[in-house]
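I have placed the structure first, in the form of structure tokens, so that the comments after it can refer back to it.
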Amino acid sequence: MENQREDLVVIFAGYKDRMDSFYESNPGLSSRVANHIDFPDYTPDELLQIARLMLEEQQYRLTQEAEQLLLEYIQRRKELPLFANARTITNAIDAARMRHANRMFNSGNR
């Protein structure tokens, strides 16, 4: 691998705490990886904006009350383990869409 450094790109991606543990598991690994880039989590307001864009693409929109509730959800969720940044927003929107589809199906509005 050392002989082909100019021809090889390896990317390790993961959450910072887990990547730190990964590097610590093999002391020589960290010194062999030239660049470490840490991307901070999105802020709650940025996550709300991501949710707005995702919903707009799916022809949904949030009321002001729903936006406030989503922002509160984001703030609470960020404090819990296994918070997955924008993926958490995607999962929440997918779950809400599924609940909406089930309500529509069960109400007979087909």
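One line per residue, one yes/no per condition, for (1) basic (Lys, Arg); (2) open to solvent by less than 70 Å² (accessible area, probe 1.4 Å); (3) under 30 Å from Gln4 (Cα atoms); (4) modelled with pLDDT of 95 or more:
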| position | (1), (2), (3), (4) |
| --- | --- |
| Leu29 | no, yes, yes, no |
| Asp41 | no, no, no, no |
| Glu46 | no, no, no, yes |
| Leu71 | no, yes, no, yes |
| Leu80 | no, no, no, no |
| Asn85 | no, yes, no, no |
| Thr90 | no, yes, no, yes |
| Arg97 | yes, no, no, no |
| Ala101 | no, yes, no, no |
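Contact annotation: residue pairs with Cβ atoms under 9 Å, 6 or more positions apart or on different chains, pairing a residue in the stretch 58-73 that is more than 16 Å from Glu46 (Cβ to Cβ) with a partner that is open to solvent by 60 Å² or more (accessible area, probe 1.4 Å), are Gln58/Arg97; Tyr60/Arg97; Tyr60/His100; Arg61/Arg52.
Report yes if Arg18 is within 21 Å of Ala96 (Cβ to Cβ), out of contact with any Lys or Arg (no Cβ under 6 Å at 6 or more places or on another chain) and basic (Lys, Arg), otherwise no. The answer is no for Arg18.
Would you be able to tell me the number of residues in the stretch 21-72 that are within 22 Å of Met98 (Cβ to Cβ) and not hydroxyl-bearing (Ser, Thr, Tyr)? Explain how you work it out, then say what you get.
Going through the stretch 21-72, the residues within 22 Å of Met98 (Cβ to Cβ) turn out to be 47-48, 50-63, 65-67, 69-72.
Applying the additional criterion that residues be not hydroxyl-bearing (Ser, Thr, Tyr) yields 47-48, 50-59, 61-62, 65-67, 69-72.
The qualifying residues number 21.
So, in the stretch 48-61, of the ones that are part of a loop (DSSP other than H, G, I, E, B) and on the phi < 0 side of the Ramachandran plot, which residue ends up most open to solvent (accessible area, probe 1.4 Å)? The qualifying residue most open to solvent (accessible area, probe 1.4 Å) is Arg61. Of the numbered criteria (1) at pLDDT below 90; (2) aromatic (Phe, Trp, Tyr); (3) out of contact with any Leu (no Cβ under 6 Å at 6 or more places or on another chain), the one Tyr23 fails is (3).
Return yes or no: is Asp20 open to solvent by 80 Å² or more (accessible area, probe 1.4 Å), of a type in the set (D, E, K, R) and within 29 Å of Arg77 (Cα to Cα)?
Details: open to solvent by 80 Å² or more (accessible area, probe 1.4 Å): no; of a type in the set (D, E, K, R): yes; within 29 Å of Arg77 (Cα to Cα): yes.
The answer is no for Asp20.
Pairs are defined by a Cβ separation below 9 Å, a sequence spacing of at least 6 or placement on different chains, a first member in the stretch 90-110 that is assigned to a loop (DSSP other than H, G, I, E, B), and a second member that is open to solvent by less than 100 Å² (accessible area, probe 1.4 Å) and hydrophobic (A, V, I, L, M, F, W, C); the pairs so defined are Arg110/Met104. I need the full set of residues from the stretch 1-51 which are over 27 Å from Leu71 (Cβ atoms) and of a type in the set (S, T, N, Q), in order please. The answer is Asn3, Gln4, Ser21, Ser25, Asn26, Ser30, Ser31, Asn35.
Residue check: is Gln58 modelled with pLDDT under 95 and of a type in the set (S, T, N, Q)?
Working: modelled with pLDDT under 95: yes; of a type in the set (S, T, N, Q): yes.
Against the criterion (modelled with pLDDT under 95 and of a type in the set (S, T, N, Q)), Gln58 qualifies.
The values are calculated or read from the model by the stated rules, or taken from the named source; none is laboratory data. As the structure is a computational prediction, the values presented were derived from the model and not from experiment. Cβ coordinates were reconstructed from backbone atoms using ideal geometry, including for glycine residues, and neighbour counts include every protein chain displayed. Note: areas computed on protein heavy atoms with side chains; ligands, DNA, RNA excluded. Shrake-Rupley method; radii C 1.70, N 1.55, O 1.52, S 1.80 Å.
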